[in-house]
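Colleague: Let me begin by handing over the structure; questions about it come next.
Just so it is clear, none of the values below were taken in a lab; they were calculated from the coordinates. Keep in mind that this is a model prediction, so the values were computed, not measured. So basically every Cβ, Gly included, is an ideal-geometry build from the backbone, and we count neighbours across all protein chains shown.
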Amino acid sequence: MFNKEEFRRNAVEFVNWMADYLSDVEKYPVRSKTGYGDIRGQFPSEPPSERESIDKIFNDFKNIIIPGITHWQSPKYFAYFPANSSPPSILAEMLTATLGVQGMKWITSPAATELEELVTDWLRQMIGLSAEFTGVIQDTASVSTLCAILAARERATKFQSNKKGLRHKVLRVYCSKEAHSSIEKAVRIAGLGSDNLVKIDTDSVGRLIPEKLESCILSDENKGYRPICIIAALGTTGVCAIDPIDEVGKIAHRYKTWFHIDAAFAGSALLLPEFRDSVTGLQRADSFVLNPHKWMFTNFDCSVFYVKDTKHIQKTFRLVPGYLQTQNDSEVNDYSNWGIQLGRRFRALKLWFVIRNYGVEGIKKRMREHIGLATYFEEQIRKHPEFEIVVPRILSVVCFRVKGSGNLLKIDQDRINSKLLEHINNTGQIFISHTIFNGCYTLRFVCAQTYTEKHHVDEALEVILRCAEVAIN
């Protein structure tokens, strides 16, 4: 039975711990220092047969689980891309968990569907997409991209793939060599096969080369293959390179292929007019994805997927057995028809809280501060003769490495940079990550965590320079 007073007492204790954690998170080692098996080894191998108190479980959380956490909400987290939260997002997530909504259909919670319609349209306006686009919230960009490829497959086969399976000539998908690995995974899941994902060469800063793309498409058509989808990156995972969207979009139109834009991280920066004005061709897309859970202070998971042809996307995914049919199906929007999952979390609530509590101008202000801090970091790195900037900073992503002496072999340079990364992260003071760009081991510094300030960047610089002395010598 539900015990209101016990629940209230536990909830107050949890919230007090949460507030203290967010206040003190930068005091924790950013990356967990536990070894594999250390956490699991502290628990019994069999589940408890009798009830255990919340107090005991919470103590184990604090004493055993927390030491095994890498602190993504630390202002000294500069690795990968962030998975940001914020106070309004956390509070909304608490309400979401309390309500326990399963928003698969309008009737299962009208507010969940209609709030999702509202906030995805708000965001569309915020990033400058035309009213042709309609949004749906997926869990990750990986799933959004899979949905785009499946929709492209169905359009190319006149929906016969869904009905009869893959009984047609070879279908081809195109992206740059710097594109995210989720594209290849999606191609596999869609039944097209990795061999039919064509990875296009990039230029010196990681952008897809349109001439190479068109050449590959022409070659494939001459072989009897069917180009069905082109995916452009608005911010690659490695160096945040931005493909020439407009040129790629024109090629997609010319060859009648689906055009998807993967803007998972950098798409949030389209809120900034100074960035949006530098990107042309967005309106050419058939679909577009960005993740507010990366750089818009909305905790994981919240990926917004936009499409132009909503009837097409619903025809690709719609499957409504008798037990899910309702009398108002033809009058309402059921988001379960927009993707793979039937069950859907009430993700719109936290995005609604964030947009309202920060305001559009507040979100833009914080993003500009992040870009300014990344610019500062890049300037400081350039001043040191031991380092080089691999590609010019893009937004809040800085890619750099130890360059070593002129006669240093590449394998030795890679070894030094790998050793440097290990030293840096072993300090526990900051956390950064790496990529392989143009065959070279490259360090990445992503300044986009909700709470990061200049003194955290200064500390990062101090750690990097101190560790470099050890790694180089």
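Colleague: How about Lys4: which lysines have a C-alpha closer than 22 Å to its C-alpha, ignoring those fewer than 8 places off in the same chain?
Modeller: The reachable lysines, counting only those whose Cα sits under 22 Å from Lys4, are Lys56.
Colleague: Shifting gears a bit: Pop the C-beta distance of Ser219 and Arg9 into the FRET formula with R0 = 60 Å and round what comes out to the nearest 0.05. Please list the in-between numbers first.
Modeller: Values: r = 68 Å, r/R0 = 1.14.
The formula returns an efficiency of 0.30 here.
Colleague: Nearest 500 deg cm²/dmol is fine: what mean residue ellipticity at 222 nm does the chain get from its DSSP H runs of n ≥ 4 alone, each adding -39,500 (n - 2.57), divided by its residue count? Intermediate results must be reported in sequence, preceding the final value.
Modeller: On the way: 15 runs with 199 residues, N = 473.
Theoretical 222 nm ellipticity from helices: -13500 deg cm²/dmol.
Colleague: Report the extension gain between Glu211 and Leu465 in nm, rounded to one decimal, defined as 0.36 nm multiplied by the number of residues separating them, less their alpha carbon distance.
Modeller: The span from Glu211 to Leu465 would gain 87.3 nm if fully extended.
Colleague: If you filter the stretch 25-66 for chymotrypsin sites (Phe, Trp or Tyr not before Pro), then keep DSSP loop positions with at most 15 other Cβ within 10 Å, what is left?
Modeller: Tyr36
Colleague: How would the stretch 186-251 be classified by its alpha-carbon gyration tensor: rounded, prolate or oblate, with rounded meaning a/c under 1.5 and the a/b versus b/c comparison settling the rest?
Modeller: Because a/c hits 1.5 or more and a/b fails to exceed b/c, the stretch 186-251 counts as oblate.
Colleague: Convert each backbone phi in the stretch 84-99 into a coupling constant with the Karplus relation 6.51 cos²θ - 1.76 cosθ + 1.60 (shift: θ = phi - 60°), then list the ³J(HN,Hα) values in order as whole Hz, x for Gly and Pro.
Modeller: 6, 10, 6, x, x, 5, 5, 4, 5, 5, 5, 5, 4, 5, 5, 5
Colleague: Would you mind checking the stretch 220-244 for residues with the amide N under 20 Å from a putative spin-label position 7 Å along Cα→C-beta of Glu132?
Modeller: Zone members listed by number: 228-234, 243-244.
Colleague: Under the rule a/c < 1.5 gives rounded, and otherwise a/b versus b/c splits prolate from oblate, where does the stretch 67-200 land using the Cα gyration tensor? Show your work: numbers first, answer last.
Modeller: On the way: a/c = 2.08, a/b = 1.40, b/c = 1.49.
Since a/c reaches 1.5 but b/c is at least a/b, the shape of the stretch 67-200 is classed as oblate.
Colleague: On a full-extension model of 0.36 nm per residue, what is the gain between Gln341 and Gln283, subtracting their alpha-carbon distance, rounded to one decimal in nm?
Modeller: Full-extension gain reported as 18.2 nm.
Colleague: For a Förster distance of 60 Å, can you work out the FRET efficiency between the beta-carbons of Asp121 and Asn473, rounded to the nearest 0.05?
Modeller: For Asp121 and Asn473, the calculated efficiency is 0.60.
Colleague: Another question, if that's okay. Extending each Cα 7 Å along its Cβ direction at Tyr36 and Met18, get the distance between those two points in nm, one decimal.
Modeller: 3.4
Colleague: Would you pull out the residues with amide H under 5 Å of Val390's amide H, same chain only if 5 or more places away, H placed 1.01 Å from N?
Modeller: So Val390 has HN proximity to Cys399, Phe400, Arg401.
Colleague: Excluding Ser130 itself, what net charge comes from residues whose Cβ is under 15 Å from its Cβ, given Lys and Arg +1 and Asp and Glu -1?
Modeller: -1
Colleague: Now for a separate question. Under 1.5 on a/c is rounded, so check that first for the chain, then, if it is not, pick prolate when a/b is larger than b/c and oblate when it is not; a ≥ b ≥ c are the square roots of the alpha carbon gyration tensor eigenvalues. Walk me through the intermediate numbers first.
Modeller: Numbers: a/c = 1.70, a/b = 1.05, b/c = 1.61.
Oblate, since a/c reaches 1.5 and b/c is not below a/b.
Colleague: Right, something else. Extending each Cα 7 Å along its Cβ direction at Glu388 and Asp329, get the distance between those two points in nm, one decimal.
Modeller: 6.2
Colleague: Over what distance in Å are the Cα centres of the stretch 162-234 and the stretch 1-63 separated?
Modeller: A separation of 45 Å, based on Cα centres.
Colleague: What does the convex hull of the alpha-carbon atoms of the stretch 101-345 project to on average, in nm²?
Modeller: About 13.1 nm², averaged over all directions.
Colleague: Further, regarding this structure: Please find the FRET efficiency linking Glu114 to Ile436, where r is the Cβ-Cβ separation and R0 is fixed at 35 Å, and quote it to the nearest 0.05.
Modeller: 0.20
Colleague: Report the local net charge at Lys27: Lys and Arg +1, Asp and Glu -1, summed over other residues whose C-beta lies under 12 Å from its C-beta.
Modeller: -2
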